[in-house]
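Asker: Mind looking over this structure? Questions follow.
Please treat every number below as a calculation from the coordinates, not as lab data. Bear in mind that the values here come from a model prediction, so they are computed numbers and not experimental data. Note that we place each Cβ from the backbone using ideal geometry, even for glycine, and neighbour counts take in every protein chain shown.
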Amino acid sequence: MDRAEQNALAQKFAAMHNPKDLLMLCNAFDGGSARVIADHPRAKAIASASYAVAMAYSTADDDLTLDENLAGVRGIIRAGIQATPKKPVTIDLQDGYGDQLARAIEGIIKLGAVGCNIEDFDRITNTLWPVDEAAARVALAKKVAAECGVPDFVVNARSDALFQGADAGMDSVIRRGKAYLAAGATTVFIWGGPSGRGVSSKEITRLVSEFGGMLNVSMRQGEGFLKKHEIQALGAARVSMGPGLYNQAIAAYSSAVDGILGV
């Protein structure tokens, strides 16, 4: 796939982010799971989830190196670009790997990706990036992508400010999200945190209003969590599953192993 075709795929992916037509992303963890998504007629695009990629790579999310992530997502991206028609693939780059952000963007573009997630939580210092620095990193990702021949590369800028550190809270989330959109992000991904509380309907309503609908939230399955149609009615542009599908798959695999070996 040449860069012109890759950028056309990026444009197609960017256009899928429409608050009036919710983009539902299933997150793959390896080439096989990505192939399932790629072959599904209703799947518009494919996303990776770094936690699930790390588990498939037999390491922890916090220990997943850039090189391991690039190796782990190669098959995921291949599944998208070998589909008929080709399906856009977006890659979870965690916090962008510090000063390796440019190399990370170059790496996934070389493999064929047309989008990425970047978090605003610095995993080295265990603090949120200052908002100006976090926004500058979004702008850098876009700049590097343009230099690689994919100017319409889609950045989904994740903020952990709803729950993380002294800068936590909705006012911080909104200030950060607007800065990321201004820096070139297509959408802002607000995560409810590791406690699994999610993002409430009231919070989504406010964020949709503040971000012009260009909001990504993670959908958890189970009692008490918002369903796809409920999130769509609230006006978000994008929903992803994170490691949820990996967790279901590995639970089924574990059950099958128990059935063979005995509990």
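Asker: Quick one: net charge of Ala15's neighbours, Cβ under 11 Å, K/R +1, D/E -1?
Answerer: Once positives and negatives cancel, what remains is 0.
Asker: What distance in nm separates the simple spin-label points at Phe163 and Val36, each placed 7 Å from Cα in the Cβ direction?
Answerer: In this crude spin-label approximation the distance works out to 2.5 nm.
Asker: I need Val138, Val188 ordered by Cβ neighbour count within 10 Å, fewest first.
Answerer: Val138, Val188
Asker: Using a cut-off of 24 Å between alpha-carbon atoms, which lysines can reach Lys178, once sequence neighbours fewer than 8 places away in the same chain are excluded?
Answerer: Lys12, Lys20, Lys142, Lys143, Lys202
Asker: What translational diffusion coefficient, in µm²/s and rounded to a whole number, does the Stokes-Einstein relation yield for the range 1-117 at 20 °C and a viscosity of 1.002 mPa s, taking the hydrodynamic radius as the Kirkwood radius over Cα pairs?
Answerer: Estimated diffusion coefficient is 152 µm²/s.
Asker: Could you check what % of the DSSP bridge pairs in the range 3-257 are antiparallel, to the nearest 5?
Answerer: In the range 3-257, DSSP labels about 10 percent of beta bridges as antiparallel.
Asker: Let me ask another. Assuming 0.692 mPa s and 37 °C, estimate D for the chain with Stokes-Einstein, Rh taken as the Kirkwood radius over Cα pairs, in µm²/s.
Answerer: In µm²/s, the coefficient is 179.
Asker: Of the listed peptides 214-221, 202-209, what is their order by residue-averaged count of other C-beta atoms within 10 Å, with the highest listed first? It would help to have the intermediate numbers written out before the result.
Answerer: Details: 214-221: 21.4, 202-209: 16.6.
My ranking of the peptides, most packed first, is 214-221, 202-209.
Asker: Also, I was wondering about something else. Calculate the spin-label point distance for Gln11 paired with Glu147, positioning each point 7 Å from the Cα along the beta-carbon direction, and give it in nanometres.
Answerer: Simple spin-label model gives 2.4 nm for this pair.
Asker: Let me ask something additional. Using the per-residue mean of other Cβ atoms lying within 10 Å as a proxy for protection, in what order, highest first, do the peptides 30-36, 49-55, 59-65 fall? Kindly include the intermediate steps, with their values, before the conclusion.
Answerer: Details: 30-36: 19.4, 49-55: 24.0, 59-65: 13.1.
Result, highest mean Cβ count within 10 Å first: 49-55, 30-36, 59-65.
Asker: Work through the residues other than Ala52 whose Cβ is under 11 Å from its Cβ and net out their charges, Lys, Arg +1 and Asp, Glu -1.
Answerer: Summing Lys/Arg as +1 and Asp/Glu as -1 gives -3.
Asker: Follow-up. Place a point 7 Å from Cα of Glu230 in the direction of its Cβ. Which residues in the range 201-215 have their backbone N less than 13 Å from it?
Answerer: 201-205
Asker: Right, next: How many angstrom separate the Cα center of the range 146-210 from the Cα center of the range 116-145?
Answerer: Between the Cα centres of the range 146-210 and the range 116-145 lies a distance of 11 Å.
Asker: Tell me, what is the percent relative contact order of the chain, built from C-alpha pairs under 8 Å that lie six or more residues apart?
Answerer: This gives 21 percent for the chain.
Asker: Roughly how many whole Å is it from the C-alpha centroid of the range 1-45 to that of the range 80-101?
Answerer: 10
Asker: Let me know the whole percent of all Cα-Cα pairs from the range 144-263 that are separated by more than 16 Å.
Answerer: Value for the range 144-263: 66 percent of Cα pairs lie more than 16 Å apart.
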